[in-house]
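One structure is given below, encoded as structure tokens.
The values are calculated or read from the model by the stated rules, or taken from the named source; none is laboratory data. If you're wondering where the values come from, they're calculated on a predicted model, not measured in any experiment. Every residue, glycine as well, gets a Cβ built from its backbone with ideal geometry; the counts of neighbours run over all protein chains shown. Surface accessibility is based on the protein's heavy atoms, side chains included, excluding ligands, DNA and RNA. Shrake-Rupley method; radii C 1.70, N 1.55, O 1.52, S 1.80 Å.
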2 protein chains.
Amino acid sequence: MSETRNRQWRVARYPEADEPISSALFEWVERSVPEPTDDQFVVKTLYLAPGPALRGYLDVSHQQFLGNVPVGEVMRGRGIGVIVSSKNSDYTVGEYFVGSLGWQDYSLQQPRGKEFVFSTKKISSPLRPLSLELGILGQSGATAYFGMLEAGRIKAGDNVLVSAAAGGVGSAAGQIARIKGAAKVVGLAGSDKKCQWLINTLGFDRAINYKTADLNDQLAKEFPKGIDLFFDSVGGDILNTGLAHISLNARVAVCGFISTDYDPNADTGPINYRNLLYQRATMQGFIVFDYWERFAEAEQALRQWHSSGELIFCEDLSDGLENMPQAVEDLFAGNNSGVKICWVNNE
Amino acid sequence: MSETRNRQWRVARYPEADEPISSALFEWVERSVPEPTDDQFVVKTLYLAPGPALRGYLDVSHQQFLGNVPVGEVMRGRGIGVIVSSKNSDYTVGEYFVGSLGWQDYSLQQPRGKEFVFSTKKISSPLRPLSLELGILGQSGATAYFGMLEAGRIKAGDNVLVSAAAGGVGSAAGQIARIKGAAKVVGLAGSDKKCQWLINTLGFDRAINYKTADLNDQLAKEFPKGIDLFFDSVGGDILNTGLAHISLNARVAVCGFISTDYDPNADTGPINYRNLLYQRATMQGFIVFDYWERFAEAEQALRQWHSSGELIFCEDLSDGLENMPQAVEDLFAGNNSGVKICWVNNE
């Protein structure tokens with residue numbers, strides 16, 4: 001291993017209540033590349049995939065599956081890398097590895113702890129581009145898969161609404177609905193360009209620009225018989241408006257509340273929760289980690305759909321570890337189409 | 001049939017948005033007793049059971065399973081009576097009949113239509129008192145039964161919270177949870193007297209007077225590991241506070257929103273709906289009519305629990321058809337313990 005420099009973003013402080021994620025929260029440092037001992041190994045980061053959960057890692061007021069990252073530590077982040085040194089016979093130099101690599105060039109890995117168990121895997125023959133393993137074949141795809149099949153209980157003939165449809169999870173969720181025989185799949189997105197992409201590239205039946213359309217009118221028009229399955233990761237007004245149009249025995253699969261999750265001033269929920277009673281409907285929250293024992297099933301299905309061309313993957317690529325804070329800002333601003341990925345190093 | 005007078009409450013007008021139910025909304029008239037023709041029969045009303053759904057029958061802004069009662073018509077109401085004349089060979093004079101009798105002494109019945117199908121039955125050998133057939137063995141009991149077993153998916157060891165626990169449905173729901181092996185059953189009620197009754201008579205483990213207690217503190221104390229099953233018919237602040245204490249994979253069974261259902265100023269829901277995601281929980285609305293094909297199953301179970309003494313029935317008896325509007329006012333004021341029943345006629 002010729003490289004000795006390990007660039008890192010470390011957490012400098014937590015954001016104020018309404019402060020966006022930016023480089024002001026992090027410290028850029030250079031350390032030496034770690035050396036493995038015992039059963040450890042070292043992974044060189046190739047790509048990182050910043051997701052909405054990142055904000056939770058820095059928000060002490062917020063319940064988070066993996067907990068906050070302590071100030072002074074390397075920022076947590078999921079990525080794909082290649083093993084460059086190893087004292088563990090199960091992990092061989094040259095193998096690819098997906099897991100919690102952190103915002104850094106080189107991470108020391110040790111096979112223990114909940115984070116390792118839930119979200120890491122070794123890949124001998126990865127698909128190319130390697131970023132596929134982080135997106136539609138990774139956590140975004142698995143979230144869409146279990147959300148649609150389990151919380152959403154998708155069935156043929158369903159009329160389906162997907163919010164944040166141009167995002168990494170939503171774009172996969174809508175396509176899975178189509179693959180599973182939905183009668184109609186409508187996506188919500190924040191620009192006309194994204195809407196065209198959803199229809200023309202991903203095969204959504206319709207797409208609504210929620211920023212310019214009267215969403216209530218459009219949903220009434222697109223769903224005259226009501227929404228059978230609403231896959232939502234936005235919450236707030238979008239969830240409330242969607243709830244107004246659910247059908248009898250509808251399912252609302254909830255995988256996030258990006259609109260209000262980190263808003264300290266949010267103190268009310270959607271009044272149309274009452275429609276859950278009137279329509280005898282179910283709203284269920286889910287987190288992809290709950291299904292980790294079935295990840296292989298999801299991966300197999302996703303790989304097959306991808307290889308047959310039914311499931312199209314789109315990534316929104318940022319360039320360079322130094323741009324990670326900006327990549328997160330873009331993500332929260334809704335600037336991405338598909339899974340947000342940041343290139344860090346060549347192999 | 002010696003009686004010729006048929007006293008009736010007819011709908012005079014619909015209430016203003018925030019106007020309570022009172023006799024001002026109805027007209028008291030006396031008509032003659034109807035005569036059956038074709039396949040009709042006439043039922044003499046013995047008891048009526050006013051429930052929270054009544055308000056919906058008069059509220060044009062409100063989605064209602066059975067629709068509004070037109071102005072000028074006899075007010076809709078469920079009761080038990082005895083068949084006093086019949087032109088239908090399936091319905092014999094002297095048999096008892098549970099169904100939509102209306103707020104009147106005598107009703108003309110005809111075996112057709114959704115209302116008849118869903119909620120009527122002929123009883124040859126009723127339990128005594130006859131009001132049992134309206135309460136714990138009737139719609140209140142069936143609502144509690146299907147709510148606990150289906151939407152709530154009650155299982156042994158669950159920690160259960162029941163709101164409006166002193167009401168007809170809630171009092172049965174809490175007892176069914178106990179019978180099904182709940183580790184702990186806590187009821188919410190609006191007076192210390194009701195709380196004592198829940199514990200000492202019905203066998204709830206705990207009861208909280210939500211009007212005087214700090215509900216959030218009390219729930220934290222009673223549910224250190226969280227609420228596994230929350231059976232709610234109140235909505236609003238009670239639902240929101242309960243949602244703050246749900247456990248991982250909790251179920252929230254929703255059978256009403258009596259606190260906000262008829263409040264035209266209610267425009268927000270519970271902010272803690274976000275806990276459905278954090279706890280990967282399910283909130284499901286249900287309506288007892290959805291299970292009408294399984295009513296016999298519920299009735300059999302309820303009868304058995306009642307006869308073994310496991311399920312205690314308590315009714316809150318009003319006296320006289322003329323007092324029906326007052327009985328409804330009392331119901332909405334939360335003055336009743338157990339199922340609200342109004343005596344109308346002797347046999």
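Just add up the charged neighbours of residue B:339: K/R +1, D/E -1, any other residue whose Cβ is under 13 Å from the Cβ of residue B:339. Don't skip to the answer; put the middle values down first.
Values: positive: B:78, B:340; negative: B:133, B:315, B:316, B:330.
Local net charge: -2.
Can you give me the Cα centroid spacing of the range B:69-88 and the range A:288-322 in angstrom? The range B:69-88 and the range A:288-322 have Cα centres spaced 61 Å from each other. Annotation for residue B:322, label-to-label distances across the other copies: 9.1 nm (shortest first, one decimal, point 7 Å from Cα along Cα→Cβ).
Remark: the range B:139-289 projects, on average over all directions, an area of 8.3 nm² (convex hull of Cα atoms).
Label-to-label distance, residue A:333 versus residue B:60, with points set 7 angstrom from Cα along the beta-carbon direction: 5.0 nm.
If you average 1/r over all unlike Cα pairs in chain A and invert the result, what Kirkwood radius do you get in angstrom?
Details: mean 1/r = 0.0482 Å⁻¹.
That comes to 20.8 Å for chain A.
Might you report the magnitude of the Cβ-based charge dipole of the range A:139-289 about its Cα centre, with Lys and Arg at +1 and Asp and Glu at -1, to the nearest 20 debye?
On the way: 14 positive and 13 negative charges, 109 e Å.
Using only the charged Cβ atoms, the result is roughly 520 debye.
Protection proxy ranking, highest mean first, for peptides A:236-243, B:330-337: A:236-243, B:330-337, where packing is the per-residue count of other beta-carbon atoms within 10 Å, averaged.
What is the local net charge at residue B:105, summed over the other residues whose Cβ is closer than 14 Å to its Cβ (Lys, Arg +1; Asp, Glu -1)? Mind dumping the intermediate values first?
Working: positive: B:5, B:7, B:10, B:31, B:44; negative: B:3, B:30, B:322, B:347.
Here the charged neighbours net out to +1.
Based on the Cβ-Cβ distance from residue B:214 to residue A:29, what FRET efficiency comes out when R0 is 41 Å, to the nearest 0.05?
Working: r = 47 Å, r/R0 = 1.15.
With a Förster radius of 41 Å, E is 0.30.
From the protein chains alone at 1.4 Å, what is the descending order of accessible area for A:32, A:23, largest first? If you can, show how the numbers build up before the last one.
Values: A:32 90, A:23 65 Å².
Largest to smallest exposure gives the sequence A:32, A:23.
In square angstrom, what is the accessible area per residue of chain B with a 1.4 angstrom probe?
40 Å²
Computed over protein heavy atoms with a 1.4 Å probe, the carbon and sulfur contribution to the accessible area of the protein assembly as shown reaches 46%. Comparing A:229, A:130, A:161 in a Gaussian network model of chain A where C-alpha atoms under 10 Å apart are linked, the largest mean-square fluctuation is found at A:130. For chain A, modelled as a GNM whose springs connect Cα atoms under 10 angstrom apart, the maximal fluctuation among A:233, A:86, A:140 occurs at A:86.
In this label model, residue B:196 and residue A:308 are separated by 6.9 nm, measuring between points 7 Å along each Cα→Cβ vector.
Each other residue within a Cβ distance under 15 Å of residue A:198 adds +1 if Lys or Arg and -1 if Asp or Glu, for a net charge of +2.
Dividing the summed -39500 (n - 2.57) terms of all DSSP H runs of n ≥ 4 by the residue count of chain B sets its mean residue ellipticity at 222 nm at -6500 deg cm²/dmol.
For residue B:211, the lysines whose Cα comes closer than 26 Å to its Cα, not counting residues fewer than 8 places off in the same chain, are B:184, B:193, B:194, B:221, B:225, B:340. Shielding by partners for peptide B:279-291, expressed as the average number of C-beta atoms from other protein chains within 10 Å of each residue's C-beta, is 5.
Per-residue shielding of A:265-272, expressed as the average number of other chain Cβ atoms within 10 Å of the residue Cβ, stands at 4.
Over the alpha-carbon set of the protein assembly as shown, divide Rg by the Kirkwood Rh and report the Rg/Rh ratio to two decimals. It would help to have the intermediate numbers written out before the result.
On the way: Rg = 29.9 Å, Rh = 28.0 Å.
Here Rg/Rh amounts to 1.07.
Neighbouring Cβ atoms from other chains, within 10 Å of the Cβ of residues in B:251-259, number 2 on average. Here the calculated FRET efficiency for residue B:221 and residue B:153, from their Cβ-Cβ distance with R0 = 22 Å, stands at 0.30, rounded to the nearest 0.05. Accessible area buried by the pairing of A and B, both sides summed with a 1.4 Å probe, works out to roughly 2900 Å². Ranked from largest to smallest solvent-accessible area, with a 1.4 Å probe on the protein heavy atoms, B:293, A:222 come out as B:293, A:222. For residue A:333, inter-copy separations between label points set 7 Å beyond Cα along the Cβ vector come to 6.0 nm, shortest first.
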